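Asks: Structure below; questions to follow.
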Amino acid sequence: MSRPHARLRLACALTLAGIGALLGAAPAAAAPAPPPEAAVVPLVDCVQDAPLGAVSARTVVLGYRSSASALVTIPAGSGANDLTSGAADRGQPTAFAPGEHHGVWLLTVDAAAEPDLAWRLGGSVAGFTGAPACTAATAVAVSVPDRVSAGGTVAVSAAVTRMLLAAPDTGTVTFALDGAAPVTATVSATGVARAELPVASVGAHTVTATYQPAQGSPLLGSTGTADFTATAASAPLAVAVDSVVSGSSSVLVTVSRASADGEATVDVMTADGSARAGVDYTPLATTVTLVAGQSSATVRVPLAVRAAGAPAATFFVLLQRASTAVTTASATVLLPAVPTAPAAAASVGPLAPGGGTVVAAGPSVSSALPESDPTATGTGTLTNVGQDLAFLLGGLLLTGGGIAGVLGLVRAAGMRDARP
């Protein structure tokens with residue numbers, strides 16, 4: 001074989017080997033995602049048998065646990081939400097929320113006719129035999145706020161219940177946050193225990209509450225959990241109001257904080273002072289939320305139109321039930337006095353008999369003219385008129401004499417020019 005042909009065959013072999021290696025290294029196809037119903041698991045809370053004549057009635061209390069992050073719907077009788085014998089649809093729930101839920105379904109059956117009945121849900125089956133008796137079984141429901149501020153504490157409560165019976169009034173509940181050192185609280189007469197747990201860091205947290213029956217009690221212990229989110233701590237809140245001037249139709253209320261870190265909520269409401277809600281202003285009761293990155297928020301309180309002559313009045317704007325500290329919890333709104341209506345001008349009527357004037361009813365207005373002014377009214381009006389006539393006649397006589405004198409001068413000059 002010639003050298004060029006050998007080189008060509010070697011190149012082809014290397015190329016095929018490379019292609020084979022690439023094909024062998026190709027990732028395997030991704031496995032199909034499990035169906036959403038696979039995230040739901042049935043739970044048997046308790047079973048209680050009671051003889052009813054020839055029939056032995058079995059009451060079963062059931063719940064479920066869902067690891068899905070959203071609501072999962074599984075139709076009854078679909079093969080993934082059935083009873084294992086007899087009728088597949090017996091009123092079982094079909095919508096399953098995330099988390100663990102107890103006592104969501106109460107089923108009564110004939111224990112003798114269906115001794116091995118079970119609930120098939122998602123990919124699991126929960127049998128009724130071997131479950132605790134309802135007279136001894138307990139459940140714990142934990143309550144926490146959805147969001148709290150890191151660096152403070154979170155108030156948690158646990159309600160302990162018994163299936164089909166009254167809540168226990170003895171025992172303790174141990175609370176633990178993310179597996180940290182537990183805090184123990186005594187169960188009250190209504191089956192409730194409460195505690196305050198420190199929250200050090202920002203992020204998602206889980207509270208676990210475990211019920212421990214009193215020593216010698218026939219009850220069984222139980223556990224519940226709840227989740228919440230801790231956000232950055234908010235700066236203290238303050239409230240302020242703008243000034244009100246005559247004619248204002250509303251007043252601006254501002255809730256603020258020194259920094260925009262974290263989230264804060266507070267209730268804002270008005271309270272009467274000398275001003276009255278519904279008369280001088282419209283009452284306000286609302287919740288203001290400052291999200292992360294927001295340092296202030298505003299609301300408006302509508303003001304009523306106040307009558308002329310109304311005195312100055314005040315009312316208050318208050319901050320209550322804040323999720324963080326408050327430095328200024330109240331602000332005062334001052335409504336200015338409303339001026340009275342201006343006085344109406346007096347109207348002057350025609351001359352009255354005898355030379356006087358008739359003044360219409362209304363506030364008296366003094367004249368700006370001096371008493372000696374000839375237009376002023378009084379008893380000497382006719383005398384003044386006579387004096388005016390005498391002055392007028394004298395002027396006419398003087399004027400006539402002056403004209404006659406001018407004519408005489410003109411005539412004398414003409415006669416002088418006519419002399420030889």
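Asks: Looking at segment 179-206, which of the residues that are under 31 Å from the mean Cα position of the chain (by Cα) and more than 13 Å from Val148 (Cα to Cα) is surrounded by the most Cβ atoms within 10 Å (Cβ to Cβ)? Give the steps one after another, and end with the answer.
Replies: Narrowing segment 179-206 to residues under 31 Å from the mean Cα position of the chain (by Cα): 192-206.
Subset that is more than 13 Å from Val148 (Cα to Cα): 192-195.
Working: Val192: 17, Ala193: 23, Arg194: 14, Ala195: 21.
So the residue we want is Ala193.
Asks: Being in a loop (DSSP other than H, G, I, E, B), within 27 Å of Thr153 (Cβ to Cβ) and not charged (D, E, K, R) narrows it down to one of Gly262, Gly247, so name that one.
Replies: Result of the check over Gly262, Gly247: Gly262.
Asks: What pairs come out if I take residues in segment 211-240 that are within 21 Å of Thr174 (Cα to Cα) and assigned to a loop (DSSP other than H, G, I, E, B) and pair them with residues that are open to solvent by 20 Å² or more (accessible area, probe 1.4 Å) and basic (Lys, Arg) whose C-beta lies under 8 Å away, six or more apart or interchain?
Replies: Hits for this filter: Leu219/Arg162.
Asks: Turning to a different aspect of this structure: Considering only segment 78-95, I want to know if a residue exists there that is assigned to a strand (DSSP E or B) and either open to solvent by 70 Å² or more (accessible area, probe 1.4 Å) or touching a helix residue (DSSP H, G or I) at 6+ places or on another chain (Cβ under 6 Å) (or both). Talk me through it step by step, then tell me what you get.
Replies: Step one: filter segment 78-95 for residues assigned to a strand (DSSP E or B), giving 81-83, 95.
Now narrow it down to the ones that are either open to solvent by 70 Å² or more (accessible area, probe 1.4 Å) or touching a helix residue (DSSP H, G or I) at 6+ places or on another chain (Cβ under 6 Å) (or both): none.
No, every residue in segment 78-95 fails to be assigned to a strand (DSSP E or B) and either open to solvent by 70 Å² or more (accessible area, probe 1.4 Å) or touching a helix residue (DSSP H, G or I) at 6+ places or on another chain (Cβ under 6 Å) (or both).
Asks: Identify, from the list Ala76, Ala88, the residue that is over 28 Å from Ala141 (Cα atoms), touching a residue at least 12 places away in the same chain (Cβ under 8 Å) and out of contact with any Leu (no Cβ under 9 Å at 6 or more places or on another chain).
Replies: Details: Ala76 fails: over 28 Å from Ala141 (Cα atoms).
Result of the check over Ala76, Ala88: Ala88.
Asks: Does at least one position in segment 55-66 carry a residue that is within 30 Å of Arg194 (Cβ to Cβ), without any contact (Cβ under 8 Å) to a residue 40 or more places away in the chain and open to solvent by 70 Å² or more (accessible area, probe 1.4 Å)? Show your work before the answer.
Replies: Looking only at segment 55-66, we keep the residues that are within 30 Å of Arg194 (Cβ to Cβ), and these are 61-66.
Narrowing the set further to residues that are without any contact (Cβ under 8 Å) to a residue 40 or more places away in the chain leaves 65-66.
The next check asks that each one be open to solvent by 70 Å² or more (accessible area, probe 1.4 Å); those that pass are 65.
Yes; the residues of segment 55-66 include at least one that is within 30 Å of Arg194 (Cβ to Cβ), without any contact (Cβ under 8 Å) to a residue 40 or more places away in the chain and open to solvent by 70 Å² or more (accessible area, probe 1.4 Å).
Results for (1) in contact with a Phe, Trp or Tyr (Cβ under 9 Å, 6 or more places away or on another chain); (2) open to solvent by less than 50 Å² (accessible area, probe 1.4 Å); (3) at pLDDT below 95; (4) not in a strand (DSSP E or B), shown as yes or no for each residue.
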site	(1), (2), (3), (4)
Thr270	yes, yes, no, no
Ser323	no, no, yes, yes
Val333	yes, yes, no, no
Gly355	no, yes, yes, yes
Val358	no, no, yes, no
Val365	no, no, yes, yes
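Asks: Another question, if that's okay. Step by step: first the residues of segment 116-140, then only those that are in contact (Cβ under 8 Å) with a residue 12 or more places away in the chain and open to solvent by 60 Å² or more (accessible area, probe 1.4 Å), then the one that is farthest from Thr225 (Cα to Cα). Which residue is that?
Replies: Just the residues of segment 116-140 that are in contact (Cβ under 8 Å) with a residue 12 or more places away in the chain, to begin with: 116-129, 131-140.
Narrowing further to those that are open to solvent by 60 Å² or more (accessible area, probe 1.4 Å): 116, 120, 123, 125, 129, 135.
Working: Asp116: 31, Arg120: 25, Gly123: 24, Val125: 23, Thr129: 26, Thr135: 23 Å.
Result: Asp116.
Asks: Quick check: is even one residue across segment 105-115 under 37 Å from the mean Cα position of the chain (by Cα), closer than 14 Å to Val44 by Cβ, at pLDDT 90 or above and surrounded by 13 or more Cβ atoms within 10 Å (Cβ to Cβ)? Quick ask: steps written out before the conclusion?
Replies: Residues of segment 105-115 that are under 37 Å from the mean Cα position of the chain (by Cα), as a first pass: 105.
Filter once more, so that each one left must be closer than 14 Å to Val44 by Cβ: 105.
With the extra rule that they be at pLDDT 90 or above, the set shrinks to 105.
Subset that is surrounded by 13 or more Cβ atoms within 10 Å (Cβ to Cβ): 105.
Looking for residues that are under 37 Å from the mean Cα position of the chain (by Cα), closer than 14 Å to Val44 by Cβ, at pLDDT 90 or above and surrounded by 13 or more Cβ atoms within 10 Å (Cβ to Cβ), one finds at least one in segment 105-115, hence yes.
Asks: I need the full set of residues from segment 310-321 which are open to solvent by 40 Å² or more (accessible area, probe 1.4 Å) and either of a type outside the set (A, V, I, L, M, F, W, C) or outside any strand (DSSP E or B) (or both), in order please.
Replies: Across segment 310-321, the qualifying residues are Pro311, Ala312, Gln320, Arg321.
Asks: Also, quick follow-up: Anything in segment 141-176 that is within 26 Å of Pro98 (Cβ to Cβ), at pLDDT 90 or above, more than 35 Å from the chain's Cα centre (by Cα) and crowded, with 19+ Cβ neighbours inside 10 Å? List them, or say none.
Replies: Within segment 141-176, no residue meets the criteria.
Asks: Additional query: Output the qualifying pairs, or none if there are none: Cβ atoms under 9 angstrom, residues six or more apart or on different chains, first residue in segment 278-290 and under 21 Å from Val244 (Cβ atoms), second residue at pLDDT below 95.
Replies: Qualifying pairs under 9 Å: Val279/Arg306; Asp280/Arg306; Asp280/Ala310; Val288/Ala264; Val288/Thr265.
Asks: Continuing with the same structure: Could you count how many residues in segment 313-336 are of a type outside the set (D, E, K, R) and farther than 17 Å from Asp242 by Cα? Step through it out loud before you land on a result.
Replies: First, pick out the residues of segment 313-336 that are of a type outside the set (D, E, K, R): 313-320, 322-336.
Still in the running and farther than 17 Å from Asp242 by Cα: 320, 322-327.
Summing the residues that are of a type outside the set (D, E, K, R) and farther than 17 Å from Asp242 by Cα in segment 313-336 gives 7.
The values are calculated or read from the model by the stated rules, or taken from the named source; none is laboratory data. Please read all numbers here as calculations on a predicted model, not as lab measurements. Every residue, glycine among them, receives a Cβ derived from its backbone with ideal geometry; neighbour counts consider all protein chains shown. Ligands, DNA and RNA are stripped out before the accessible areas are found, and what is left, the full protein with its side chains, is counted by its heavy atoms. Shrake-Rupley method; radii C 1.70, N 1.55, O 1.52, S 1.80 Å.
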